[in-house]
Amino acid sequence: MPQFEITTWLLCLLPRLWPRVRQFISDLFGIDSATIADDQERGKDIRLACFIGLPVSTFFAVFNLTSGFTTLGLIEVVAVFLFLLPAYFLSRSCRLLLLAESLVMFCVTLINVALFHYGGIDGTGVYWIFSLPFISFFVAGQRRGWFWSFCFFLLLLFVNPSVEFTQGQLGQCLFGVLFYTVIAASFNLLRVRFEAKLHRQVEEKTADGKAYLERLQFLAKNDELTGLPNREGILALLDDELGLRRGDSGTLVVIYLKLVRIVELINIVGTEQGGILFAQIVANLQGAVHCRGKVGRLGRDEFIFFFCCPDLDLEDPDWLTSVLGAGFECKLGNQTVNIEYVAGVCVHEDETSAAIILRKAEQAMLAAKAVQRDFFVYNADNDQKFTYHHLLFGKLRNAIQQNHLEMYYQPQVDLHTGRPTGAEALARWTDPEEGPIPPIYFIPVAEQSGLIFPFTRWAIATAIAQLAKWRNDGLDLGVAINLSARNLADTNLVAYIEGTAANLCVPSEKITIELTEGVFLDISQKASDVIRQLHDKGFKISIDDYGTGYSSLSYIKGLPVNELKIDQCFVKDIMESRSDSLIVSSTIDMALKLGLEVVAEGVEEAHIASQLRAFGCLVGQGHYFSRPMSAEVFGQWAQEACAEKVE
Ligand code: C2E
Ligand code: MG
Ligand code: MG
């Protein structure tokens, strides 16, 4: 039966709908509703109501006074001046908001009751009373809006309307007030809900923004991975420490720590394991500092920490090891890895800032790195050296980038014929401000930074290109190129030299690679592989500055070497010093027996050249033949030297 079905359906639906209906009623009457509008907004709403109410009421007050509705007009004037105007000013004070709101409502209620009572022209004033519910909900809010609307309705019941209403019209009018009250409450509810939603969204976004801001503020002073203070953070902490220092606090020690090969290790084990590794290193550092100081992380592999030490003996070479240990022992799965470090130490002595102490500690670390020591204590005497070193680094980088370097060539001469057999390529750098800077200054700077790689590539390309040019000009020469120990770590070096020589059609046996004796003394497997590869490709390998190391050829047993260059410090004095003469003659002897070619460096006079010849040395290099020359001058010199000797 359909009637039965509808009833059942409704009965089923009602329990489900009831919570919503109850919620709606509760919202409509403003029960439990929290006011989200703050005092400022409430004040604004009151002022807006006054702002509209003041001109409208004043206009009608004047209108009614001039149209013969004196009482009505006077009530409006009194309401405006006694209630509305003060309400406008009172709404500016948060504590008086309720009073201001009540004054507005009192004014509106009074005027509307008066309109109902007096009606105005043809009783048309009565239509205005329907505005009251809207005004009351707007000004007084959801809950108090009902209160004022209801008070108004009650008042209407007791007021005698001047308009001729029939019983039905009066009922309709009163019913209309109730109806508009519900409509106004519903509209206001819509407004409140919309505002609440907006408020919620703003709150959410603000919370997100706040969290983001807090994170940014944290990251501005802390390292993301370890949570330790970063450069900014540690500088602030160090500055605080300096400010709080008293005479009895002990010596303040600041240590700048660079971990050795950690970046490479993380590249191998991955970032996740890297994080585990760092956590252990940080724990180690914090353990070392204990509660006496602070630890910070400056870069990927750089840490800083400071602490106060009552009894510090900086002369003791083991003091840092006693604080930190020889390295950090970390566990990666089942394996133990020992992370080494290089440290720079700065002991705070005078009233300097944290930034200066940090810079000094960093300088000391760089100095330790340069001399391959575990740590170095900052020393003011080294300051100038450091500054110059860094200045030179910047300048050299620019010089390489802008191609401001020049290659000079010093002849290597056949001691029997006097003809040049080749040239040693020697880099020259003239700085626009400082003038010529000798290689003994800038080569170490390049070696200690990564600049040695682009620099050497430039040297190789320039020297081989020059050799190709001379050979095209009919000069049958070779070229010797100096390499640094670090170059042997460049895995693309062999391919680069081979490619350059092949592109310029220079036979590889015309190119000699000079490596100082030091390189051979402490050579890694990787470096000896590079030497072997170069030799296999036909390039000649020469031991430069022979005699400055162990002066024993045992280290070349396993290495393919073609040539020995006897260092100039022995050659220069062979005429005066019997021991030097002996060293040179026996070295030549031994080298020849080992099948090596010999070049004597530092030949400054003719009789040195003849003596070397007498010892069996075939090639000499030195000022006696010529100083290093520019490519152009060398070309002319070589042409003349070859022609002379032919004649
Ligand atoms: P080196 O390879 O032993 O070069 C020989 C040095 O002795 C050159 O100094 C040369 O000018 C100097 N010399 C040559 N004959 C005489 C002489 O009769 N008497 C004296 N007193 N000196 C003589 P230079 O050009 O100042 O170079 C110094 C060092 O700088 C070179 O020693 C070499 O180790 C390094 N070097 C120069 N150019 C390069 C380069 O392109 N790459 C690398 N890695 N090192 C370079
Ligand atoms: Mg050399
Ligand atoms: Mg040399």
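Rundown of residues vs (1) more than 16 Å from ligand 2 (Cβ to nearest atom); (2) outside any loop (DSSP other than H, G, I, E, B); (3) within 47 Å of the chain's Cα centre (by Cα), yes/no style:
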residue: I543; (1), (2), (3): no, yes, yes
residue: T548; (1), (2), (3): no, no, yes
residue: D580; (1), (2), (3): yes, yes, no
residue: S585; (1), (2), (3): yes, yes, no
residue: I588; (1), (2), (3): yes, yes, no
residue: A600; (1), (2), (3): no, yes, no
residue: A609; (1), (2), (3): yes, yes, no
Report task. Give just the number: which of (1) open to solvent by 70 Å² or more (accessible area, probe 1.4 Å); (2) away from ligand 3 (no atom under 16 Å from the Cβ); (3) more than 50 Å from the chain's Cα centre (by Cα); (4) over 21 Å from G478 (Cα atoms) does L618 not satisfy? Result -> (4)
Query raised in the report: From the set of residues in segment 576-605 that are farther than 16 Å from V619 by Cβ and free of Cβ contacts under 8 Å to residues at least 12 places away in the same chain, which is farthest from ligand 1 (Cβ to nearest atom)?
Result: K593
Report task. Scan segment 438-451 and report the pairs whose first residue is in a loop (DSSP other than H, G, I, E, B) and whose second residue is among the β-branched types (V, I, T), with Cβ atoms within less than 9 Å and a gap of 6+ or a chain change. Result -> L451/I400; L451/V445
Requested in this report: State which residue pairs qualify: first residue of a type in the set (G, A, S) and inside segment 536-547, second residue near ligand 3 (Cβ under 10 Å from one of its atoms) and open to solvent by less than 10 Å² (accessible area, probe 1.4 Å) in any location, beta carbons under 8 Å apart, and separation of 6 or more residues or different chains.
Outcome: S542/A480; S542/E514; S542/K565; S542/V599; G547/E517; G547/I566
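Consider A495 carefully, then state whether it is assigned to a helix (DSSP H, G or I), modelled with pLDDT of 95 or more, under 41 Å from the mean Cα position of the chain (by Cα) and away from ligand 3 (no atom under 16 Å from the Cβ). Explain how you work it out, then say what you get.
Details: assigned to a helix (DSSP H, G or I): yes; modelled with pLDDT of 95 or more: yes; under 41 Å from the mean Cα position of the chain (by Cα): yes; away from ligand 3 (no atom under 16 Å from the Cβ): yes.
Taking the combined requirement at face value, the residue satisfies it.
Taking the residues in segment 565-575 that are crowded, with 16+ Cβ neighbours inside 10 Å and more than 11 Å from ligand 3 (Cβ to nearest atom) as candidates, determine which candidate is nearest to G622 (Cα to Cα).
Just the residues of segment 565-575 that are crowded, with 16+ Cβ neighbours inside 10 Å, to begin with: 565-568, 570-574.
Cutting the leftovers down to more than 11 Å from ligand 3 (Cβ to nearest atom) gives us 570, 572-574.
On the way: F570: 13, K572: 10, D573: 13, I574: 14 Å.
Looking at residues that are crowded, with 16+ Cβ neighbours inside 10 Å and more than 11 Å from ligand 3 (Cβ to nearest atom), I get K572.
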Requested in this report: Would you mind telling me which numbered condition in (1) open to solvent by less than 70 Å² (accessible area, probe 1.4 Å); (2) within 15 Å of ligand 1 (Cβ to nearest atom); (3) part of a helix (DSSP H, G or I) R486 fails?
Outcome: (1)
Report summary line: For I443, the lone unmet condition from (1) within 16 Å of ligand 3 (Cβ to nearest atom); (2) open to solvent by less than 20 Å² (accessible area, probe 1.4 Å); (3) β-branched (V, I, T) is (2)
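Pick from S551, S542: which is within 15 Å of ligand 3 (Cβ to nearest atom) and either among the β-branched types (V, I, T) or modelled with pLDDT under 90 (or both)? Steps first, please.
Details: S542 fails: either among the β-branched types (V, I, T) or modelled with pLDDT under 90 (or both).
The conditions single out S551.
State yes or no: is Y409 open to solvent by 40 Å² or more (accessible area, probe 1.4 Å) and either farther than 23 Å from R231 by Cα or in the same structural domain as P444 (by TED's automatic domain parsing) (or both)? Break it down into steps so the answer makes sense when it comes.
Values: open to solvent by 40 Å² or more (accessible area, probe 1.4 Å): no; either farther than 23 Å from R231 by Cα or in the same structural domain as P444 (by TED's automatic domain parsing) (or both): yes.
Criteria not met by Y409.
The values are calculated or read from the model by the stated rules, or taken from the named source; none is laboratory data. No experiment lies behind these values; they were computed from the predicted model shown. FYI the Cβ positions are ideal-geometry reconstructions off the backbone, even for glycines, and counts take in every protein chain you see. The accessibility values were calculated without ligands, DNA or RNA, using every heavy atom of the protein model including side chains. Shrake-Rupley method; radii C 1.70, N 1.55, O 1.52, S 1.80 Å.
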